[in-house]
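Working notes, beginning with the structure itself.
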2 protein chains.
Amino acid sequence: ARVHEPRVKAVEYPVRGPIVLKAGEIELELQKGIKKPFTEVIRANIGDAQAMGQQPITFLRQVAQQLATIPELRAVGVGPHRAPPKPPPLLIACGAGCLTGAYSASQGVNCIREDVAAYITRRDGGVPADPDNIYLTTGASDGITTRLEPVYLLCGHGAGNMRAFDLAYSYALLSAVLSELGAVQVNYYLDEDNCWALNVQELRRAVREAKEHCDPKVLCIINPGNPTGVRVARVLCFWKVPGAALLVPESSRARPVPQVYQDNVYSADCRFHSFKKVLSEMGPEFSSNVELASFHSTSKGYMGECGYRGGYMEVINLHPEIKGQLVKLLSVRLCPPVSGQAAMDIMVNPPVPGEESFEQFLREKESVLSNLAEKAKLTEDLFNQVPGIRCNPLQGAMYAFPRIVLPPRAVEAAQAHNMAPDMFYCMKLLEETGVCVVPGSGFGQREGTYHFRMTILPPVEKLKTVLQRVKDFHIQFLGEFA
Amino acid sequence: ARVHEPRVKAVEYPVRGPIVLKAGEIELELQKGIKKPFTEVIRANIGDAQAMGQQPITFLRQVAQQLATIPELRAVGVGPHRAPPKPPPLLIACGAGCLTGAYSASQGVNCIREDVAAYITRRDGGVPADPDNIYLTTGASDGITTRLEPVYLLCGHGAGNMRAFDLAYSYALLSAVLSELGAVQVNYYLDEDNCWALNVQELRRAVREAKEHCDPKVLCIINPGNPTGVRVARVLCFWKVPGAALLVPESSRARPVPQVYQDNVYSADCRFHSFKKVLSEMGPEFSSNVELASFHSTSKGYMGECGYRGGYMEVINLHPEIKGQLVKLLSVRLCPPVSGQAAMDIMVNPPVPGEESFEQFLREKESVLSNLAEKAKLTEDLFNQVPGIRCNPLQGAMYAFPRIVLPPRAVEAAQAHNMAPDMFYCMKLLEETGVCVVPGSGFGQREGTYHFRMTILPPVEKLKTVLQRVKDFHIQFLGEFA
């Protein structure tokens, strides 16, 4: 074997794993004219909104078009699409670094980091954010991989000996990074019967388990389904360990459960509470001590600009020495793509009332969000009509994570194929219907339970077809393995 | 100390190191109105062409502008700026992945990889390139960091125990990555007296030295100043070690010596020879066995599009098992920015005679290249007029790496400040003239010799000022420490 490195071999990333490779093969076969019971593969495996037909927000694209004509027009938000005209902020704030054709500062363009900080301050009702704590990234996955890697390296006790404590219903990306780093990962489970709530008792159990292997250092929370302030505070109280860090992808991609994206909240009784805001309300003992890193990106939220690879990370209470090392490591990668940084700027600094672009922007934003809300309801309702499928309400984001009951004979058949039972199910679903979803085992699920993750991004009519196909398949599958 | 990880502490990246931080401080002081003997800092430390006033190539920006209006217009090279119109290649070849707002394949958009392969095939006079061996990257530094990391991990013998053999006049970025990986780095020196030629005898010496520490696995060559085919072949013969790999940033950034960028070759007696082409001429024993990875980016060459973060890596003879692992690791990062991929496509697929944009494109390209050639000559000539500075001819690229003679009293003064002598020199140069260059010690230089690296990117008149300031400073410095 040429591959000597067990850490690399151990990496798994189910969102783009074997089932997605199979989807690619099937697409090639369809292109070659091979007959299938379907005419196209529907990729409901990854939150890729525009690939599923969502239209870009016009304002963002108008500004991107202006930026492309640099150096004639050198600033985000200048030009016909933004009125009243403002002085060009990028030009003033960052000198040469404002050109889309030049490198920016490694941490990101200064005035964009200021805009991000202002956005977070507004989001958290005035709790201040410091631009110096903002790091622009190449999408959230870059933030979490190349930005987190040094954080782990720095907080841990040396490579191969890393201590990490991780992760509610494992966020698949983080699991992959942890494998690559050789860190110890311990999962905790969310409470499916309670709409995927985060249960502090379960966290305690997981920490006890973690302590058998390591000295847990990092707690990762995908800001959970229904983060009432009280629940967030209980998690934070629980986690007040000196020198330990909290990682919160507050609007992350691979959340298998109905997750509250910052802007994509559908349930009337849900609101987004940031961990940082709750920390600030718990007094200086918490707000000045708990290390927190949180992530956001242009791919998620209502803009769905995945190809731009824009994102940010906010860190608070990071030790100055570690911060210095982090900046140094980032400088080796030079800078995130400037167009992605600009897209991030537009996301945190959208048109406001009085600006020429405001009406259209608002219309488009609301259209995306109401459309997602409609599809969330549709998905929940249809899944719950199928015998053997049970789906929690989708309170936000763009994914469903329904539970499926698999008959014992199906589990045996899967074992005979050397596959996890839900992988076996999803592979058959793909081969027979063209619908590509991700098996729950890729995210971590309680022993003996099976799920899959499906995005709700296809247009309504197509989504109805998808759901109908899944329903028909499921009933037939139950019959086949009864 | 909070930083437990010696590998992270060991990372140094001088191109964006302490001297650049100092430059930022001075800029802030100037903004605050603090009086200095100069009115602006000139950042000649990094190859950032557009930050120095180089105009973008219009065609690239026109296509970028079209791309921003996706989904109305979904393909690179379609629209008024490209005639005769072609069928939209991106749309046909990659389905949903062609949208700038969607994720692409992890390895990069298929048809862009095909264009890159066609470009390499043309470059190498018909030696075929396989799109499957092309990996699009987020600039070359991303290629070398996140893409190389797995290559090292996979070819080595486990973390902390890595075997690596590296590097002509160390390419600063690679040194940083090697430190992060905990790999052993052994430098070899280029022959300054022979216009920075790569000397095979010196390579042998370095391998002997390497063998005292490790089992050398990787040889890195910045395709050197004057790569006649003969010289390249001798290096390749020398390096035919089973299971060992060659890394060639064929158009990389941080080359301290006059390096032949693929398109930026000024000397009449220089031509670009790719290692791959030479390998192909040496017979199957070489062309089918030597593992080779080479890099290119939109930042370098004549386009100077640093902010787009576009790049590619070509690998040949990579073991299929390693390739599989590499693709898996890339998938965790999802994909490079699509706008950068599109910029790469334009770079390898520029307008051709008969297309509407051709005349202007050619004019702009030739203007950039002749301008660089003029500045290369200017720099060489002026440096060689200064007593105590000696500069080899700049045969290509955008950097000068002049040697400076430092008086013993200056070396003592540097030691008293706990600085490398050339760092001491460059810091004083920055403080007294505002000119920011990188000390030679950041790249590796023979014991007792001193250099600095300076880009030749400022516009001609400004470059003359810079050179005059360096000259005046140097003479005054010699007087001060005589």
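The values are calculated or read from the model by the stated rules, or taken from the named source; none is laboratory data. Treat the numbers as computed from the prediction; the structure is a model and nothing was measured. Using ideal geometry, Cβ is built from the backbone for each residue, glycine included, and neighbour counts are taken over all protein chains shown.
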> What is the residue count in region B:344-368 for residues that are buried (at least 18 other Cβ atoms within 10 Å of the Cβ), more than 20 Å from B:Thr100 (Cα to Cα) and either acidic (Asp, Glu) or out of contact with any helix residue (DSSP H, G or I) (no Cβ under 7 Å at 6 or more places or on another chain) (or both)?
Replying inline: 4
> When both residues are 6+ apart or on different chains and their Cβ atoms are under 8 Å apart, which pairs have a first residue that lies in region A:432-455 and is on the phi > 0 side of the Ramachandran plot, and a second that is part of a strand (DSSP E or B)?
Replying inline: A:Gly434/A:Ile42
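In this structure, is A:Val411 touching a helix residue (DSSP H, G or I) at 6+ places or on another chain (Cβ under 6 Å), modelled with pLDDT of 85 or more and either within 16 Å of A:Thr137 (Cβ to Cβ) or part of a helix (DSSP H, G or I) (or both)?
In short, yes.
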> Can you name the residue in region A:317-343 that is crowded, with 23+ Cβ neighbours inside 10 Å, part of a loop (DSSP other than H, G, I, E, B) and of a type outside the set (A, V, I, L, M, F, W, C) and is also farthest from the other protein chains (Cβ to nearest Cβ) among such residues?
Replying inline: A:Pro336
>> With the requirement that a residue be under 20 Å from A:Ser339 (Cα atoms) and either polar (S, T, N, Q) or more than 9 Å from every other protein chain (Cβ to nearest Cβ) (or both), what does region B:303-316 give you?
In response: B:Gly311, B:Tyr312
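The rows are residues; the columns are (1) among the basic types (Lys, Arg); (2) outside any helix (DSSP H, G or I); (3) modelled with pLDDT under 60.
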residue: A:Ser106; (1), (2), (3): no, yes, no
residue: A:Ala117; (1), (2), (3): no, no, no
residue: A:Val127; (1), (2), (3): no, yes, no
residue: A:Ala140; (1), (2), (3): no, no, no
residue: A:Arg147; (1), (2), (3): yes, no, yes
residue: A:Met162; (1), (2), (3): no, yes, yes
residue: A:Ser179; (1), (2), (3): no, no, no
residue: A:Ala183; (1), (2), (3): no, yes, no
> Would you pick out the residues in region B:410-431 that are surrounded by fewer than 21 Cβ atoms within 10 Å (Cβ to Cβ) and without any contact (Cβ under 8 Å) to a residue 12 or more places away in the chain?
Replying inline: B:Val411, B:Glu412, B:Gln415, B:Ala416, B:His417, B:Asn418, B:Met419
>> Against the condition aliphatic (A, V, I, L, M) and assigned to a strand (DSSP E or B), how does A:Met419 come out, does it pass?
In response: no
> How about region A:446-478: which of its residues are among the β-branched types (Val, Ile, Thr) and either surrounded by fewer than 18 Cβ atoms within 10 Å (Cβ to Cβ) or not assigned by TED's automatic domain parsing to the domain that holds A:Val368 (or both)?
Replying inline: A:Thr449, A:Val460, A:Thr465, A:Ile475
> Within region B:376-409, can you find the residues that are of a type in the set (Phe, Trp, Tyr) and within 20 Å of B:Pro459 (Cβ to Cβ)?
Replying inline: B:Phe383, B:Tyr399
>> Taking the condition of being over 21 Å from the mean Cα position of the chain (by Cα), modelled with pLDDT of 80 or more and at negative phi, how many residues in region B:281-303 meet it?
In response: 5
> Could you say which residue among A:Val278, A:Val257 is within 15 Å of the chain's Cα centre (by Cα) and either at pLDDT below 75 or away from every other protein chain (no Cβ under 14 Å) (or both)?
Replying inline: A:Val257
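Based on this model, can you work out whether A:Phe443 counts as in contact with a Leu (Cβ under 9 Å, 6 or more places away or on another chain) and under 28 Å from A:Asp191 (Cα atoms)?
Here the answer is no, as A:Phe443 does not meet what is asked.
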> Is region B:315-327 home to any residue that is among the basic types (Lys, Arg) and closer than 19 Å to B:Asn110 by Cβ?
Replying inline: yes
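For (1) under 24 Å from B:Ala51 (Cα atoms); (2) out of contact with any helix residue (DSSP H, G or I) (no Cβ under 7 Å at 6 or more places or on another chain), each residue gets a yes or a no:
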position: B:Asn384; (1), (2): no, yes
position: B:Arg390; (1), (2): no, no
position: B:Leu406; (1), (2): no, no
position: B:Glu432; (1), (2): yes, no
position: B:Phe443; (1), (2): yes, no
position: B:Tyr450; (1), (2): no, no
position: B:Leu457; (1), (2): yes, no
